[in-house]
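Student: Encoded as structure tokens, here's the structure I'll be asking about.
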Amino acid sequence: ANAPSHPALATWVNDYLALAASYAADFGAAAGYYTRCYGSALETGQLRAAITAATNIGEDFTMLNDHHASLEWMQRALELARPTGWPRSVGACLMHTANTLRRLGQLDAARDMLHEALVILKPLENARSYAVALQYLGDLSLDQGDYAGALDAFEKLAVRADALDQADFRSIARRGQAHALTHLNRPAEALAAAAGAASMAAEQHHTHNQIAALRVMATIHARHRLPAPAGMCEPNPALHY
């Protein structure tokens, strides 16, 4: 697709093309469109659009497992956002940067940044961005071995999922609760939560969330002696899942 020549309009055409590519899981193409969106947004003074585009480029690189490139774009977005004082923009940049730091193993720095994001986003707790921050806090707590903290974060996410009526967060919240519960030696509750997460994700055709839930089910069976699932053909339940 050829973007229009006027950069103000090109910003939004490229934003649309990037979104379409993201939905098609073509994250390399999406990053290219968002990069053009970012450039024309800066050129025409559309600061919020530029911040969002930079964050989305970072997310696309995360999906491509290039976490160093992701961090560069997240930090670029945060540098643009901080002087504005806009809570939604600053909070979103902080939480996405924190999640990238987590993936790079910089867990303490990620926690500091994530707590700052949650404070800033608290007045916007009815927005999806606050729910995402809770998800990231849960995943970070799991990585740090803080399973009680992870359970708390994912239980809060479940409450927000119901308040927002967001099916994807309902699945993610249960997956996270299951992961925490298995490490807290509550395998029956963990298995029920993980099975719920997997079936919800399957209904939504959300493959990534379904795989995450199935991986947790494998972990639960690897950690605890539980009855084998129905119709198992593999040597053990962990391999089955």
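The values are calculated or read from the model by the stated rules, or taken from the named source; none is laboratory data. Keep in mind that this is a model prediction, so the values were computed, not measured. Methodologically, a virtual Cβ is constructed for each residue, glycine included, from the backbone with ideal geometry; neighbour enumeration extends over all protein chains shown. All accessible areas refer to the heavy atoms of the entire protein, side chains included, with ligands and DNA or RNA removed. Shrake-Rupley method; radii C 1.70, N 1.55, O 1.52, S 1.80 Å.
Student: Within the range 153-241, which helices (runs of 4 or more DSSP H) (wholly inside it) include 1 or more residues that are within 27 Å of Ala24 (Cα to Cα) and of a type in the set (Val, Ile, Thr)?
Tutor: Fully inside the range 153-241 and qualifying: 167-183, 207-223.
Yes or no, residue by residue, for (1) free of Cβ contacts under 8 Å to residues at least 12 places away in the same chain; (2) among the polar types (S, T, N, Q); (3) surrounded by 17 or more Cβ atoms within 10 Å (Cβ to Cβ):
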{"position": "Val159", "(1), (2), (3)": "yes, no, no"}
{"position": "Ala163", "(1), (2), (3)": "no, no, no"}
{"position": "Gln177", "(1), (2), (3)": "no, yes, yes"}
{"position": "Ala180", "(1), (2), (3)": "no, no, yes"}
{"position": "Met200", "(1), (2), (3)": "no, no, yes"}
{"position": "Ile211", "(1), (2), (3)": "yes, no, no"}
{"position": "Met217", "(1), (2), (3)": "no, no, yes"}
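Student: Select from the range 129-147 the residues that are polar (S, T, N, Q) and under 15 Å from the mean Cα position of the chain (by Cα) and write down the one among them that is least open to solvent (accessible area, probe 1.4 Å).
Tutor: Once the filter is applied, the top-ranked residue is Ser141.
Student: Just checking, how many residues over the range 129-152 are assigned to a helix (DSSP H, G or I) and under 20 Å from Thr97 (Cα atoms)?
Tutor: 16
Student: Give the range 1-11 a look and list any residue that's of a type in the set (S, T, N, Q) and either crowded, with 19+ Cβ neighbours inside 10 Å or not in a loop (DSSP other than H, G, I, E, B) (or both), or say none.
Tutor: Correct list: Thr11 only.
Residue-by-condition table, conditions (1) basic (Lys, Arg); (2) modelled with pLDDT under 90; (3) under 27 Å from Met63 (Cβ atoms):
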| site | (1), (2), (3) |
| --- | --- |
| Gly196 | no, no, yes |
| Glu203 | no, no, yes |
| Arg215 | yes, no, yes |
| Leu226 | no, yes, no |
| Ala230 | no, yes, no |
| Pro237 | no, yes, no |
